[in-house]
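Everything on this sheet refers to the single structure shown next.
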């Protein structure tokens, strides 16, 4: 009985630790990530006119432009967020965000961008 | 004449009374802690990042140069053109673009010289995350302005978010033309290598800058600061 109590107590502690670690690394909402990290260049409205664009040699993508955005596959968008513009032969001004976002968060951002452009690849 | 001597002595004593780190720590707690994190940890969630009103200071003694800090506290000038968190300080211009809404930016209070000295002394004692800094990590080199700008802008794209001179560059990040006089080199070397080790949610990407380029970046910041001082 005593051994059983110890096991139960250990399981409780393990569960608490697991819950804590999951909460600590919880994915942020895609819209929140966008407005924190992406909007500085792509704009709070996603129109490519962020507060930083004044002196940029290459203007950021307008994420509300369905024609432009439908020309990019989800895989390309995922890759450019994670590895930066250079990864798909685009501007170095688009930095790699792979150290900031989890893969799950990047997938969330791809979905969010599709909502902004109201488009999908090829359509 | 004697009265004047007494007056001067009294003023000097008053200054001396608030010049130590202990007094500075009291000022920090009383006047600065509501906007600055003096104990850590850095924001671990976006909500915590959004709530941050001023730079974290729990590693100020590793980050800032004391001489710069003491002067700046007496005459503070904005370092981040769009404030601490840019979405809080932008509005739409006539063409639907984002521009800084100056009316939302709050000026940093200025301190009298004795308080600035005391606060600086106290800040220099705050050395959280010291394990991330390697003393002597930066060794000075030589670099031309054009090479530095090429690296900073064309190769690494940092100009997107940082101004390299007043009125030129990005606005969401801190200006870098004062970084050479403002920031300790060994801290900069550590931060450039991995910004998120210091500030997990900061909206600066990790460009994986190697050791050689890190040195060049810091050399470049020195050049910019020297040019600005002329």
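Before moving on, here are some points about what is shown:
- Residue in region B:212-223 that is more than 9 Å from chain A (Cβ to nearest Cβ) and assigned to a loop (DSSP other than H, G, I, E, B) present: no
- Positions within region B:94-138 being within 14 Å of chain A (Cβ to nearest Cβ) and not in a loop (DSSP other than H, G, I, E, B), in sequence order: B:98, B:99, B:100, B:102, B:104
- Output for region B:149-177, where each listed residue is more than 9 Å from chain A (Cβ to nearest Cβ), touching a residue at least 12 places away in the same chain (Cβ under 8 Å) and over 21 Å from residue B:79 (Cα atoms): B:151
- Region B:55-78: number of residues that are buried (at least 16 other Cβ atoms within 10 Å of the Cβ) and assigned to a loop (DSSP other than H, G, I, E, B): 6
- Checking each residue in region A:49-89 for being part of a loop (DSSP other than H, G, I, E, B), under 17 Å from the mean Cα position of the chain (by Cα) and surrounded by 16 or more Cβ atoms within 10 Å (Cβ to Cβ) picks out A:60, A:61, A:62, A:63, A:64, A:72, A:84.
- Residue match in region B:216-224 (condition: outside the structural domain of residue B:67 (by TED's automatic domain parsing), under 14 Å from the mean Cα position of the chain (by Cα) and closer than 23 Å to residue A:57 by Cβ): yes
The values are calculated or read from the model by the stated rules, or taken from the named source; none is laboratory data. Here the structure is a predicted model, which is why all the values come from computation and not from measurement. When we count neighbours, we look across all protein chains shown, and the Cβ atoms used for this are built from the backbone with ideal geometry, even at glycine.
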